[in-house]
Amino acid sequence: MTDKNKFLYSHHRYNGKVRPENLVFNANLQEFSQRVGYTCALETNGKISPHQAYKNIKSLWKQLKQTKKQLGIGEHSVDESNDE
């Protein structure tokens, strides 16, 4: 990966419980965060309207929620998560 790509598409190490679904969700969460940041920057600089920024972020949020649901994140009981 080039330095430019590392800067634009940086990913940070995952520090939670290592499960495949957690790793996938973490990557999706980082992408969500990055895209929200880009959308905010576009709106701040007048490249898109506040309404368009809102619509973009709402769409990204719906995608993230759907991914969370598909991966079953947060569906484990509290006792189950403390056992490991």
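Phi angles of region 32-47 translate, via the Karplus equation with coefficients 6.51, -1.76, 1.60 and θ = phi - 60°, into HN-Hα couplings of 4, 4, 5, 5, 5, x, 5, 4, 5, 5, 4, 5, 4, 8, x, 7 Hz per residue; Gly and Pro are given as x. For the cross-link pairs 47/68; 17/65; 17/62, which exceed 28 Å when the distance is taken from alpha carbon to alpha carbon? The answer is 47/68.
We did not get these values from a lab; they are worked out from the coordinates using the rules stated. What you see is a predicted model, and the numbers here were worked out from it, not measured in a lab.
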